[in-house]
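> After the structure tokens below, expect a handful of questions from me.
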Amino acid sequence: MFEQVKLNYDFASLEPHIDGLTMQTHYGKHHAGYTNNLNNALEKLPQLAGKSIEEILSNLATIEDAALRTAVRNNGGGYYNHNLYFDILSPAGGQPPQGKLAEQIKADFNSFDELVQKLTSTAVSVFGSGWAWLSKDPSGKLVVTSTPNQDNPLMTHGGQLTPILGIDVWEHAYYLKYKNMRADYLKAIFNVIDWNNVAQRYTEA
Ligand code: MN3
């Protein structure tokens with residue numbers, strides 16, 4: 001049984017950047033739904049018992065039944081993506097990272113501001129629902145990509161990319177407060193991204 005990541009902050013504590021009702025609905029309805037649907041699908045796939053969600057999502061092609069494969073792709077992606085998203089948010093966020101991640105950002109993007117710009121433009125450009133990602137490749141290099149729906153870099157790169165930051169650009173992540181202004185939501189979210197958490201993920205990946 002997979003379980004939702006526990007939040008170490010209150011739903012309303014990310015205000016004014018992300019409103020409490022959006023957080024409550026996003027975590028309590030959307031993320032809970034993906035998690036339940038993933039667990040239901042996995043009951044029919046005993047061969048996957050004991051595997052990590054990363055292993056499962058990096059090897060979706062091994063699921064022969066097409067309907068179950070789609071269910072695990074959409075709901076397992078939703079489960080994993082939101083665990084990452086909610087965990088890297090914090091009311092204490094917004095400060096640029098230090099240490100190894102900071103050095104790698106400088107090497108790959110020239111500056112933290114240029115990374116933020118690249119993540120923002122990538123997220124703005126997602127057509128419809130999807131995600132923008134910062135991932136680490138096997139050499140340690142940082143890579144910015146996007147995916148549609150609940151796909152993620154584990155799926156698109158067969159486990160070769162490890163996501164360390166995911167930005168949800170489904171309308172449910174921002175519509176109550178920002179309506180159609182996705183760019184305003186993206187500007188705001190960088191005030192609550194906990195780069196210490198992202199840096200730890202970079203080191204451990
Ligand atoms: Mn979402």
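> Report the GluC sites (Glu not before Pro) located in region 38-105 that are in a DSSP loop and have at most 16 other Cβ atoms inside 10 Å of their Cβ, or state none.
Here the sparse-neighbourhood loop sites are 64.
> Got a sec? Charge dipole of region 99-204, +1 on Cβ for Lys and Arg, -1 for Asp and Glu; which of 178, 107, 197 is way out at the positive end?
So the residue we want is 178.
> Could you give the angle, 0 to 90 degrees to the nearest 10, between helix 195-204's Cα long axis and the longest principal axis of the Cα atoms of the chain?
Tilt relative to the chain: about 50 degrees.
> With runs of 4+ DSSP H residues as the only contributors, calculate the mean residue ellipticity of the chain at 222 nm using -39,500 (n - 2.57) per run, divided by the residue total and rounded to the nearest 500.
-12000 deg cm²/dmol
> Further question on the same structure: Can you check what the Kirkwood hydrodynamic radius comes to for region 1-71, Cα pairs only, in Å to one decimal?
After inverting the pairwise mean of 1/r, the radius is 14.0 Å.
> Determine the alpha carbon to alpha carbon distance for each of 6/44; 44/177; 29/179; 51/187; 118/179; 106/177 and list only those over 28 Å.
Going by Cα-Cα distance, 44/177; 51/187; 106/177 fall outside the 28 Å limit.
> Still on this structure, please answer the following. Counting other C-beta atoms within 10 Å, and keeping those with at most 16, which DSSP coil trypsin sites (Lys or Arg not before Pro) do you find in region 141-182?
141, 179
> Counting other Cβ atoms within 10 Å, keep those with at most 10, restrict to DSSP loop, and tell me which chymotrypsin sites (Phe, Trp or Tyr not before Pro) in region 107-138 are left.
For chymotrypsin sites (Phe, Trp or Tyr not before Pro) across region 107-138 that sit outside H, G, I, E and B with at most 10 neighbouring Cβ atoms in 10 Å, the list reads 127.
> Relative to the longest principal axis of the chain, what angle (0 to 90°, nearest 10) does the C-alpha long axis of helix 77-87 take?
Around 30 degrees separate the two axes.
> Just to confirm the number: angle between the C-alpha axis of helix 32-43 and the first principal axis of the chain, 0 to 90 degrees, nearest 10?
30 degrees
> Quick one: give the max-minus-min coordinate of the C-alpha atoms of region 21-172 along each principal axis, largest first, in Å.
Between the extreme Cα coordinates on each principal axis of region 21-172 lie 47, 39, 28 Å.
> Explain nothing, just the number: dipole magnitude of the chain about its Cα centre with +1 on each Lys and Arg Cβ and -1 on each Asp and Glu Cβ, in debye rounded to the nearest 20.
180 debye
The numbers here are math on the coordinates, done by the rules we state, and not lab data. Owing to the predicted nature of the structure, the values given are computational and were not obtained by experimental measurement. Cβ sites come from the backbone with ideal geometry, for glycine too, and all protein chains shown count toward neighbours.
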